[in-house]
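Here is the structure we will look at.
The values are calculated or read from the model by the stated rules, or taken from the named source; none is laboratory data. What you see is a predicted model, and the numbers here were worked out from it, not measured in a lab. As a convention, Cβ positions derive from the backbone with ideal geometry for all residues, glycine included, and neighbour counts pool all protein chains shown. All accessible areas refer to the heavy atoms of the entire protein, side chains included, with ligands and DNA or RNA removed. Shrake-Rupley method; radii C 1.70, N 1.55, O 1.52, S 1.80 Å.
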Amino acid sequence: MKRIDKNIYYKLIDLLEESPKTRRQLIDAYIETLNLSRAEALDKSTSGTANVKRSFAGMAINEMLRKGIVTKSEDGIYTAHEQKPVVIRNERCEQEILSMLTTSPATKTKIKNALIKIFGTDKTVTDRDDNKLSSAVSEILRRLTREGVIVSDGTSYSLPEKIESKIDDINGILKLKEKFLTTLYKKGGEFFEFYFMTLLEKYLTKHHKRVTSNTVTAGAMDGGIDGIIETTDPLGFRETIMVQTKNRSDVTNETDIRGFYGAVCARQGSRGIFATTSGFHYAATAFLDGIDNCVGVDGNMIFKMATETLYGIKKHGDALCVDEKIL
């Protein structure tokens with residue numbers, strides 16, 4: 001995808017996958033995702049941030065139209081190419097990786113090439129899906145190695161003996177996690193905002209925090225904050241926790257976190273929680289590790305919170321399953 005800023009491209013495609021749009025609607029929607037400051041949004045000068053960003057978005061749309069990545073109808077409605085990008089779920093990748101390693105050790109390249117065939121990303125119009133898959137595999141391998149689920153000799157990855165004996169149990173949990181997060185993802189962004197805010201309240205309550213208010217603030221003027229929870233601990237200390245939610249398959253990058261952290265600081269929040277149904281790029285994780293009042297909650301943690309509070313997950317005899325009344 002030469003000549004197109006990939007971040008702009010990805011966001012424009014995501015917006016068109018939500019619904020077809022006119023050129024102006026598409027650019028306006030893109031600008032909203034940038035969480036510009038009030039001063040930047042009101043600056044209408046040619047060199048102002050908003051107009052510069054609009055110009056970049058317009059050039060990206062033109063380039064995508066020339067390359068056939070988007071189409072334009074006679075009445076000026078833009079739609080994504082009929083072959084939509086492949087949805088790559090981290091939990092499905094994790095399941096496939098563990099299944100592959102039960103047979104024999106494998107290098108990162110071998111794992112990536114196998115998953116490219118499994119997901120079919122080599123058959124899509126652009127390299128976007130290949131890049132997403134490559135990034136997801138790298139993050140999963142890094143995390144599983146850190147957690148001791150897999151080991152690496154510097155060349156290939158394999159399963160330790162103690163994990164091999166439990167692989168059926170692990171795969172069972174991964175299948176449930178995949179179904180849970182896939183179901184949640186399909187419900188859309190607005191549903192996820194309300195679901196996560198309720199889940200967070202239940203989780204905080206279970207961990208001895210008293211929630212005094214819980215508000216969903218999402219909207220065009222939310223300033224990058226989708227929800228606010230106020231809590232009091234057993235000693236009476238009060239906190240204002242600000243939340244941003246992203247129901248997405250792409251990993252969250254450092255830019256997203258910096259924008260959210262700026263919004264939390266600007267609104268004088270005590271804590272910040274960035275929740276995504278996917279995962280975080282290692283640069284985003286490194287940034288979060290460097291600040292003490294903002295955390296990232298990925299799909300793995302959301303699944304853990306759901307199983308712990310039994311909200312979205314329920315018990316069926318001795319087993320766990322997705323609670324279809326909630327999801």
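Per-structure values
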{"read-out": "Condition check for Thr182: among the hydroxyl-bearing types (Ser, Thr, Tyr), under 26 Å from Ile31 (Cβ atoms) and at pLDDT below 95", "value": "no"}
{"read-out": "Meets criteria (in contact (Cβ under 8 Å) with a residue 24 or more places away in the chain, open to solvent by 20 Å² or more (accessible area, probe 1.4 Å) and either in a strand (DSSP E or B) or under 27 Å from Arg89 (Cβ atoms) (or both)) for Val243", "value": "no"}
{"read-out": "Qualifying positions in segment 46-72 - without any contact (Cβ under 8 Å) to a residue 40 or more places away in the chain, closer than 19 Å to Pro20 by Cβ and in a helix (DSSP H, G or I)", "value": "Gly58, Asn62, Leu65, Arg66"}
{"read-out": "Exclusive hit being open to solvent by 50 Å² or more (accessible area, probe 1.4 Å) and among the β-branched types (Val, Ile, Thr), set Thr232, Thr205", "value": "Thr205"}
{"read-out": "Qualifying residue in segment 157-169 (condition: more than 24 Å from the chain's Cα centre (by Cα), of a type in the set (Val, Ile, Thr) and either at pLDDT 85 or above or open to solvent by less than 60 Å² (accessible area, probe 1.4 Å) (or both))", "value": "yes"}
{"read-out": "Segment 82-105 - residue that is among the polar types (S, T, N, Q) and open to solvent by 40 Å² or more (accessible area, probe 1.4 Å) and, of those, modelled with the highest pLDDT", "value": "Ser104"}
{"read-out": "Hits in segment 135-156 - residues which are among the β-branched types (Val, Ile, Thr) and open to solvent by less than 60 Å² (accessible area, probe 1.4 Å)", "value": "Val137, Ile140, Thr145, Val149, Ile150"}
{"read-out": "Candidate set: segment 296-311, residues that are β-branched (Val, Ile, Thr) and farther than 14 Å from Lys177 by Cβ; chosen: the one surrounded by the most Cβ atoms within 10 Å (Cβ to Cβ)", "value": "Val297"}
{"read-out": "Residue list for segment 178-202, restricted to those being in a loop (DSSP other than H, G, I, E, B) and either of a type in the set (Asp, Glu) or open to solvent by 40 Å² or more (accessible area, probe 1.4 Å) (or both)", "value": "Lys187"}
{"read-out": "Residues of segment 246-286 classified as part of a loop (DSSP other than H, G, I, E, B), open to solvent by 30 Å² or more (accessible area, probe 1.4 Å) and over 21 Å from Ser135 (Cβ atoms), total", "value": "3"}
{"read-out": "Test for Lys108: is it modelled with pLDDT of 90 or more and of a type in the set (D, E, K, R)", "value": "yes"}
{"read-out": "Scope segment 117-129; condition open to solvent by 40 Å² or more (accessible area, probe 1.4 Å) and modelled with pLDDT of 85 or more; matching residues", "value": "Lys117, Ile118"}
{"read-out": "Cys321, sole failed condition from (1) in contact (Cβ under 8 Å) with a residue 60 or more places away in the chain; (2) farther than 21 Å from Gly172 by Cβ; (3) in contact with a Leu (Cβ under 9 Å, 6 or more places away or on another chain)", "value": "(2)"}
{"read-out": "Selection count, segment 232-265, where residues are in contact with a Ser or Thr (Cβ under 8 Å, 6 or more places away or on another chain) and farther than 27 Å from Leu181 by Cα", "value": "4"}
{"read-out": "Pairs with Cβ under 8 Å, 6+ apart, first in segment 258-271 and β-branched (Val, Ile, Thr), second outside any loop (DSSP other than H, G, I, E, B) and buried (at least 19 other Cβ atoms within 10 Å of the Cβ)", "value": "Val264/Met242; Val264/Gly272; Val264/Cys294"}
